[in-house]
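Every read-out reported here was derived from the displayed coordinates using simple, explicitly stated rules and does not represent laboratory data. Worth saying up front: this structure is predicted, and the values here are computed from it rather than measured. Here the Cβ is made from the backbone with ideal geometry for all residues, glycine too, and neighbour counts use every protein chain on show.
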Amino acid sequence: MQYDAPADDHERLVTFDIETTHYKPAQGETVAIGVGEHAPGAPGVAATYDVLARDDVELEGELIRRGIERVDAADADVLVSYNGIGFDVEFLAERAERLGVAMEPPALHTAGSHVDLFADRVAVIESRYDSPSLEACLDSYDYPVPSTIWNGEPVTNERFGEELGPALLAATREGDADRLAALRDVLAHYLITDLEANFAIYYADRGVSFAPAYLGHEGVYEA
């Protein structure tokens, strides 16, 4: 789905995305937080991406804190997400509350400088449940859709929650360095392609050209 957004004059964007074992905070936990930065007009290869995961920060509460700090540390004037207002920020806040740790949402979110590409689309369609996926938005703008193949099957949100996320947590608990390294490669490809998709859709909504570095790439992994 395309969306006609007004032009803006932002100088630098930060985007984020989280990966969890379940979409409900009462049933799942945070496995990873990805953060990307990009300046409008620069090619996709100029973007920077960080993937914070539980094998770096074993405690979930500490991962949440560091993820928010990483977003706030970006030299950006707008935060971009896909369903970050309705899902990511709320999930992290509820998980932090359940864990008994303090959490402040990203400063740009609190300041009202959070562009949620999903929420923009929900506002102009009849039902939230009719809203398009990130992949459908890419396709509507003729951007190639990336694919992360793990053990012969594509990684989806559902498969991440049921298989990849638990596998990462298990390898972290067991201290299996070799398996962790292999699983981190899968995670990084899956998260970074989603982060770049956020940039691509944001720019396309505003009629700004963007040359991606990862979109259309198929990452194939056995782990």
What is the projected area of the convex hull of the Cα atoms of the stretch 30-73, averaged over all directions, in nm²?
-> 3.3
Could you state the angle between the C-alpha long axis of helix 89-99 and the longest principal axis of the C-alpha atoms of the chain, as a value from 0 to 90 degrees rounded to the nearest 10?
-> 30
Based on Cα positions only, what radius of gyration and what Dmax would you give for the stretch 178-223, in angstroms?
-> 13.3, 44
Work through the residues other than Ala76 whose Cβ is under 12 Å from its Cβ and net out their charges, Lys, Arg +1 and Asp, Glu -1.
-> -3
What longest region of the chain stays clear of GluC sites (Glu not before Pro) that DSSP places outside H, G, I, E and B and that have at most 13 other Cβ atoms within 10 Å?
-> 127-221
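As a test of the formula, what do you get for the chain when each DSSP H run with n ≥ 4 contributes -39,500 (n - 2.57) and the sum is divided by the residue count, at 222 nm and rounded to the nearest 500 deg cm²/dmol?
On the way: 7 runs with 81 residues, N = 223.
Value at 222 nm, helices only, nearest 500: -11000 deg cm²/dmol.
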Could you grab the relative contact order for the stretch 1-121? Cα pairs under 8 Å, six or more apart, rounded to a whole percent.
-> 28
Please report, for the Cα atoms of the chain, the Rg to one decimal and the Dmax as a whole number; what are they, in angstrom?
-> 16.7, 50
Mind checking which of Gly36, Val115, Met103 is farthest towards the positive end of the chain's charge dipole, using Cβ charges of +1 (Lys, Arg) and -1 (Asp, Glu) about the Cα centre?
-> Met103
In degrees, nearest ten, helix 60-73 long axis to first principal axis of the chain (Cα) = 30
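How big is the charge dipole of the chain about its Cα centre, in debye rounded to the nearest 20, if each Lys and Arg gets +1 on its Cβ and each Asp and Glu gets -1 on its Cβ?
Details: 15 positive and 43 negative charges, 39 e Å.
Using only the charged Cβ atoms, the result is roughly 180 debye.
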Formal net charge of residues neighbouring Ala5 (Cβ-Cβ distance under 9 Å; K, R +1; D, E -1) | -3
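What is the sum of charges around Asp120, taking Lys and Arg as +1, Asp and Glu as -1, for the other residues whose C-beta is under 12 Å from the C-beta of Asp120?
Details: positive: Arg121, Arg206; negative: Asp4, Asp116, Asp205.
Around Asp120, the charge tally is -1.
Let me have the relative contact order for the stretch 96-223, percent, based on Cα pairs under 8 Å that are six or more residues apart. If you can, show how the numbers build up before the last one.
Values: 101 pairs, mean separation 42.2, N = 128.
Normalised by residue count, the contact order of the stretch 96-223 is 33 percent.
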Divide the volume of the convex hull of the Cα atoms of the stretch 54-142 by its number of residues and quote the answer in cubic angstrom per residue.
-> 136
Report, by chain and number, residues whose modeled amide H sits under 5 Å from the one on Glu29, excluding near sequence neighbours (fewer than 5 apart, same chain).
-> Thr21, His22
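Tell me, rounded to the nearest percent, the portion of alpha carbon pairs in the stretch 55-104 spaced more than 18 Å apart.
Working: 415 of 1225 pairs.
In whole percent, the long-distance tail amounts to 34.
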